[in-house]
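The values are calculated or read from the model by the stated rules, or taken from the named source; none is laboratory data. This one's a predicted model, so the numbers in the text were calculated from it and none came from an experiment. Note: ideal-geometry Cβ built from the backbone for every residue, glycine included; neighbour counts use all protein chains shown. These accessible areas exclude ligands, DNA and RNA; they are computed on the full protein's heavy atoms, side chains included. Shrake-Rupley method; radii C 1.70, N 1.55, O 1.52, S 1.80 Å.
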Amino acid sequence: MNRYIIWSLLFITTMVASCDSSVPLESEDTNDSRIYNEPHRPQYHFSPEANWMNDPNGMVFHEGEYHLFYQYYPDSNVWGPMHWGHAVSKDLVRWEHLPVAIEPDSLGWIFSGSAVFDAANSSGLGSPENPPLVALYTYHDPVGAEAGKDDYQTQGLAFSLDNGRTWEKYQNNPVLENPGIKDFRDPKVTQIDQGKWIMSLAVKDKISFYASDNLLGWEHLSDFNPDWAAYGGVWECPDLFPLTTPEGEQKWVLLVSINPGGPNGGSATQYFIGDFDGKKFTTEQRAVKWLDYGTDNYAGVTWSNVPATDGRKLFIGWMSNWMYANVVPTQVWRSANTLPRSLELYSIDQEYHLASRPVKELEMLREESQVISGQNIILEQELVELQLQSSAADFSIEFSNSAGERVIIEKEGETLFVDRTESGLVDFNEGFPARHGAPVDGLEIEELRIFLDRSSIEIFINNGELVMTDLVFPRERYTRLYLEGFENENQLHYLRSVW
């Protein structure tokens, strides 16, 4: 279908939607190049205009904008030489695409990393009047990797003096050389007391911490790799940050993505809750904890420089899995991001856990809301947010269509399941059609919030105390909802497309 026809179809849809009495999302860009209407294209999740995307990178809030960079290959819809793609948003919901930010050079491809606002100009790369945004990323030298060398990954730096619109690479890159370890990547930088910068770096099967006063020279501090952690694959994409407990105590959280080795196969993110003394991370935790029990939330990290007046630790993940990311049934583009989430600590039996709560800004997506009751509900639109109050020990939720395709969410005993074995297109990878389980672990389920987009389903139990994120690829949209174990009145929201 050519772009003119797509534009015409969307124009007709927009005219129909304009009859709704609610206030629509206002688009800042009506260019038809941003109209996403291919099969399975997410309508309220971020996805690239075209071609391949994976890990979110360089997320920083600056001058009223949330910057989202991401691993991007602009020449194909499968993984290749990595660049940093770029988009910005003022509300975490509507995104503006910007040109590629950082491209490969003679030192290598541009792998994952982070970005910070150097407000004091500690790097000297800006000025007191115009301090820089600074990105730190991994250089991946494909020639060295092909030759079998061990030191083909190093850490590089780039900076921007115009709110991230253009980036200049540091003339003395790399800023951190490789000591002779094949997997040496994904620098996530944060600033702690006294202005010291801390880098968390994934080093094969451990996280190494480095310190710097100026973002240019780095000193190794310590390593973290407890023997009881998950080691089914290589450690990647760390993130270290403080959070305050409900009782007012400060704890530190360390995210570590791992591939493979997830609880339901392939890629996943584990987390650790403990303390950081400026040099070393320690924890009393002795069991693996997973951020998301679905198979499609990986390599997620948090935004830096979010104002203290906001107070949230904001997160987004790559909504895919390396088991099948290169072969999912999309053509124009591949991959999307999860919904943005706010990370918070909560406790069960005096033990802390990490909740992933959907950000409040998502409520602006609601186009029409209905109170529903009973078992059989017809879904009049394809984009859905469902809020349910559980009234039974076990329950079942089924989305289905006239083609006999269905995805089932059910609680049986102490396990929550998502079954996508008959959800639509599933034969592109043998690991995709599966029934995924998550242990409830003493959590009393009181409320469920479910977001359904064209190719994803995200389930938040008790506002994110247990989360499951899964891709689905129905041949036609789900039109029916069947409920068991929900006797109370519940809320059904139809959502707007942001594209």
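Among the strands (runs of 3 or more DSSP E) contained in the range 307-371, which hold 1 or more residues that are under 21 Å from residue 445 (Cβ atoms)?
Values: elements: 313-318, 341-348, 351-358.
So the answer is 341-348, 351-358.
Listed residues 417, 428, 399; which is part of a loop (DSSP other than H, G, I, E, B), hydrophobic (A, V, I, L, M, F, W, C) and at pLDDT 95 or above? Spell out the reasoning first.
On the way: 417 fails: part of a loop (DSSP other than H, G, I, E, B); 399 fails: part of a loop (DSSP other than H, G, I, E, B).
Exactly one residue qualifies, and that residue is 428.
Quick one: residue 423 ticks every box in (1) open to solvent by 10 Å² or more (accessible area, probe 1.4 Å); (2) in a loop (DSSP other than H, G, I, E, B) bar one, so which box is it?
With (1) open to solvent by 10 Å² or more (accessible area, probe 1.4 Å); (2) in a loop (DSSP other than H, G, I, E, B) applied to residue 423, the lone miss is (1).
Answer with yes or no whether residue 178 is open to solvent by 10 Å² or more (accessible area, probe 1.4 Å) and closer than 17 Å to residue 157 by Cβ. Break it down stepwise before answering.
Working: open to solvent by 10 Å² or more (accessible area, probe 1.4 Å): yes; closer than 17 Å to residue 157 by Cβ: yes.
Judged against the criteria, residue 178 is a match.
Can you pull out every residue in the range 276-294 that is over 14 Å from residue 238 (Cβ atoms), among the hydrophobic types (A, V, I, L, M, F, W, C) and either over 16 Å from the mean Cα position of the chain (by Cα) or in a loop (DSSP other than H, G, I, E, B) (or both)?
287, 288
Only one of these is among the hydrophobic types (A, V, I, L, M, F, W, C) and either open to solvent by 10 Å² or more (accessible area, probe 1.4 Å) or assigned to a loop (DSSP other than H, G, I, E, B) (or both): 273, 258, 198, 207. Name it. Steps first, please.
On the way: 258 fails: either open to solvent by 10 Å² or more (accessible area, probe 1.4 Å) or assigned to a loop (DSSP other than H, G, I, E, B) (or both); 198 fails: either open to solvent by 10 Å² or more (accessible area, probe 1.4 Å) or assigned to a loop (DSSP other than H, G, I, E, B) (or both); 207 fails: either open to solvent by 10 Å² or more (accessible area, probe 1.4 Å) or assigned to a loop (DSSP other than H, G, I, E, B) (or both).
So the residue among 273, 258, 198, 207 that is among the hydrophobic types (A, V, I, L, M, F, W, C) and either open to solvent by 10 Å² or more (accessible area, probe 1.4 Å) or assigned to a loop (DSSP other than H, G, I, E, B) (or both) is 273.
Looking at the range 217-258, which of its residues are under 13 Å from residue 300 (Cα atoms) and of a type in the set (S, T, N, Q)?
Across the range 217-258, the qualifying residue is only 257.
Suppose the filter is open to solvent by less than 10 Å² (accessible area, probe 1.4 Å), charged (D, E, K, R) and in contact with a strand residue (DSSP E or B) (Cβ under 6 Å, 6 or more places away or on another chain); does residue 239 pass it? Reasoning before the result, please.
Details: open to solvent by less than 10 Å² (accessible area, probe 1.4 Å): yes; charged (D, E, K, R): yes; in contact with a strand residue (DSSP E or B) (Cβ under 6 Å, 6 or more places away or on another chain): yes.
So residue 239 passes the test.
State the number of residues belonging to the range 443-473 that are at pLDDT 95 or above, outside any strand (DSSP E or B) and either in contact with a His (Cβ under 6 Å, 6 or more places away or on another chain) or surrounded by fewer than 23 Cβ atoms within 10 Å (Cβ to Cβ) (or both).
Summing the residues that are at pLDDT 95 or above, outside any strand (DSSP E or B) and either in contact with a His (Cβ under 6 Å, 6 or more places away or on another chain) or surrounded by fewer than 23 Cβ atoms within 10 Å (Cβ to Cβ) (or both) in the range 443-473 gives 7.
Residue under question is residue 332, and the condition is that it be open to solvent by 10 Å² or more (accessible area, probe 1.4 Å), of a type in the set (A, V, I, L, M) and within 30 Å of residue 85 (Cα to Cα); does it hold? Spell out how you get there, then give the answer.
Working: open to solvent by 10 Å² or more (accessible area, probe 1.4 Å): yes; of a type in the set (A, V, I, L, M): yes; within 30 Å of residue 85 (Cα to Cα): yes.
The answer is yes for residue 332.
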